[in-house]
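Okay, so here's the structure we're looking at.
Each reported figure results from applying straightforward, stated rules to the coordinates on display, with no laboratory input. For clarity, every value in this text was computed on a predicted model and none was experimentally measured. Virtual Cβ from ideal backbone geometry, glycine too; neighbours counted across all protein chains shown.
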Amino acid sequence: MCQDQNCKCKKPYYITTAIAYTSGKPHIGNTYEIVLADSIARFKREQGYDVRFQTGTDEHGQKIELKAQEAGVTPQEFVDGVASQIRGIWDLMNTSYDKFIRTTDKDHEETVQKIFKKLYDQGDIYKGYYEGLYCTPCESFFTESQLVDGKCPDCGREVQPAREEAYFFKMSKYADRLIEHINTHPEFIQPVARKNEMMNNFLLPGLQDLCVSRTSFTWGIPVSFDPKHVTYVWLDALTNYITGLGYDCDGNHGELYNKYWPADLHLIGKDIIRFHTIYWPIFLMALDVPLPKQVFGHPWLLQSGEKMGKSKGNVLYADTLVEMFGVDAVRYFVLHEMPFDNDGVISWELMVERLNSDLANILGNLVNRTVSMSNKYFGGEVQNRGVGSAEDEDLKAVTLAAVKKAEAKMDELRVADAISEIFNIFRRCNKYIDETMPWALAKEEAKKDRLATVLYNLVEVLAIGASVLESFMPETSAKILAQLNASKRTLEEMEEFGRYPSGTRVTDKPEILFARMDVNKVLEQVAGQKQEEGGDIKEEDDVQEENVIDIEAKPEITYDDFARLQFQVGEIIACEAVAKSRKLLCSQVKIGSQVKQIVSGIKAYYSPEEMVGKKVMVVVNLKPAKLAGILSEGMLLCAEDAEGNLSLMVPEKAMPAGAEIC
């Protein structure tokens, strides 16, 4: 970074993810990468860097062609649909990418053709025949000796014999130069275990020339001077990192390329480390383009200890998890549970445990207690009256040190460790409350100044903690700061304690950030969703009575059971769609003199505009729960037909809001 403190310039920082293959919907293990990259990009911005964050989709290859045929659509139609789905999930996860590139973008395809021609013209690519064993899912050729138990060494699937005319790249021409670069740039491949694997298993034994075109299918970028060939998918896909910046073979590069290349970080899964640390740098050497500064091969997120796969029936998707837990809870989990260089584990049980212990208890309860006590004892006004103690100094020291430690961990890409440092701040706050016992101080008028100071310290620490949390849980950070009526701090401002303006008022309505969940109920809900998605097909009776539906009878109840439920008429006075949810509307429902917030899965049947003004039937005394991260304080009653269409239950005659339904 620039050492001149008065300089307004920003050092560029270019970070990329691997581009997602458009063969299908990405699972949470795929989604982890974009969230990880987003947290790094956001933190780099906080450090003052001018960040360029690129992601996108890889859309060519034989596998895509076959998938499109199976679906009865053109390859372009197929990838358009999947690319839209992928981008939708990236947006759902609140990721702040600057560029979403698609390898079917015309400017990308044209540049790839120019790159292929340039490499051919300078003698790095030649025509020949390939005979070997081909893995369609990996789009890769292998020799017999490279197979593991006769199967693809990368994915473990079957390989097929293949022989076809092809163009080849002279990999061995650049092998020694790449080995030297890796040896003289120890930071180039991270973690170190990935570097050792590439050197010992591939580079040192010697590189074979690489097949860079195919003729057995057509869904790819045609070789401009030999159009019966299409470009090998990895030569096409890897170049996105420079084509997305405006790289030009003739040297007429775009402004973004001149500013941001070489990339500071390629963030990829460990399963494609070979392509990014051997093929990609060699392609760049042949083009006389500087190599990226670092390639980080992150570990996998395993479902209960196993790699996710549709055939195993253990795939988890981000949108499903978000609907259950909310965006920031999912972001927290995947970032916190993934070690630096070992695989992480995800399960429904572990998600609930982390939500309850870390998010609801350590963080959410802390914020709620602090805001509530400020309102209870001082009408919401937070004042620093300067009555300190040893506990205060330790709280301040732990907080300021944790911010520095988190920044140091982020510089090493140890994101999980950085989050742990931040949560150490919140743990220390909870301990501080136990040490100072504000409820006891409140009983003595003479200790009111000390009580005010304690609450000020808590609010100040929360403002710091919420600010440094923003890169990982942006929505939660904003909610905490809003409750404190505080502005987000810069990292420089977090070096000093006491910036929260004395006399500021916190909100008088503290929001529950994370509601605790019952693991058994979550598992029951998951099982119900799976059964519903499984699509049990029921044969219809030969004779059906029109407009009549028979449903499975529930167990009989007594009047006392029924009397425990409270039904009232409610009037919807405001309604809005829940952001990034396909199903949910959030309504403000007036019931007597109260207004309750109710979240309902009726977005497909009612617009927010037509909801406003309706008189509806409400279950009032249902235990509050969070849906998509939003508190719901009741339930709107609906009828459902055989096709699953919903209709709100409304009073037959005009009834006032609050009227009891009995």
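With Rh defined as the Kirkwood radius, the inverse of the mean 1/r over Cα pairs, the Rg/Rh of region 347-505 is 0.97. Restricted to Cα atoms, region 427-470 shows a radius of gyration and a Dmax of 11.8, 38 angstrom. For GluC sites (Glu not before Pro), the sites in region 572-662 that DSSP calls loop and that have at most 11 other Cβ atoms within 10 Å are 643, 652.
For an R0 of 22 angstrom, estimate the FRET efficiency from the Cβ-Cβ distance between residue 216 and residue 110 and round to the nearest 0.05. The formula returns an efficiency of 0.35 here. Among 233-246, 352-365, the peptide with the highest mean count of other Cβ atoms within 10 Å heads the list, and the full ranking is 233-246, 352-365. Can you list which of the trypsin sites (Lys or Arg not before Pro) found in region 233-325 are DSSP loop residues with at most 15 other C-beta atoms within 10 Å? In loop regions of region 233-325 (DSSP not H, G, I, E or B), the sparsely surrounded trypsin sites (Lys or Arg not before Pro) are 293, 307.
Derived value for region 107-194: Kirkwood hydrodynamic radius 15.8 Å. Basis is the mean of 1/r over every pair of different alpha-carbon atoms.
Using only C-alpha atoms and all pairs of different ones, pull out the Kirkwood radius for region 553-661 in Å with one decimal.
In region 553-661 this quantity evaluates to 14.5 Å.
Note on residue 11: aspartates and glutamates with a C-alpha under 14 Å away, same-chain residues under 8 apart excluded, are 46, 50, 264. For residue 173, a cut-off of 16 angstrom between C-alpha atoms picks up these aspartates and glutamates, skipping any fewer than 8 places away in its own chain: 121, 124, 209, 288.
Simple spin-label estimate for residue 148 and residue 595 gives 5.9 nm between the two label positions (7 Å along the Cα-to-Cβ direction from each Cα). Counted by Cβ distance under 11 Å from residue 512, the other residues give a net charge of +2, where Lys and Arg count +1 and Asp and Glu count -1.
Along region 359-365 the Karplus relation, 6.51 cos²θ - 1.76 cosθ + 1.60 evaluated at θ = phi - 60°, assigns HN-Hα couplings of 7, 6, 8, 4, 9, x, 5 Hz to successive residues, with x for each Gly and Pro. Taken one residue at a time, the phi angles of region 225-236 give Karplus couplings (6.51, -1.76, 1.60, θ = phi - 60°) of 9, 8, x, 6, 9, 10, 5, 3, 4, 6, 5, 5 Hz. Gly and Pro are set to x. Listed values for region 56-65 are Karplus-derived 3J(HN,Hα) couplings in whole Hz (6.51 cos²θ - 1.76 cosθ + 1.60, θ = phi - 60°), namely x, 9, 9, 10, 10, x, 5, 4, 5, 4, and x replaces Gly and Pro.
In loop segments of region 68-159 as defined by DSSP, the GluC sites (Glu not before Pro) with at most 12 further C-beta atoms inside 10 Å of their C-beta are 158.
Summarised in one figure, the compactness ratio Rg/Rh of the chain, Cα atoms and Kirkwood Rh, is 1.03.
Of the listed pairs 270/307; 376/448; 10/44; 521/583, which have alpha-carbon separations greater than 22 Å here? The partial results should precede the final answer.
On the way: 270/307 13 Å; 376/448 13 Å; 10/44 11 Å; 521/583 20 Å.
Beyond 22 Å: nothing from the list.
If you take all other residues with their beta carbon under 15 Å from the beta carbon of residue 448, and give Lys and Arg +1 and Asp and Glu -1, the sum is +1. Projecting the Cα atoms of 390, 137, 257 onto the charge dipole of the chain (Cβ charges, centred on the Cα centre) puts 390 farthest toward the positive pole. Simple point charges give the picture: +1 on the Cβ of Lys and Arg, -1 on the Cβ of Asp and Glu, and for region 228-270 a dipole about the Cα centre of about 220 debye.
Rounded to the nearest 20 debye, the dipole size of the chain about its Cα centre is 2060 debye, using +1 on the Cβ of Lys and Arg and -1 on the Cβ of Asp and Glu. Relative protection proxy for 327-338, 373-384, from highest mean packing down: 327-338, 373-384 (other beta-carbon atoms within 10 angstrom). Restricting the calculation to Cα atoms, region 174-252 yields a radius of gyration followed by a Dmax of 16.2, 42 Å. Over the chain, DSSP H runs of length four or greater, each weighted -39,500 (n - 2.57), average out per residue to a 222 nm ellipticity of -11500 deg cm²/dmol.
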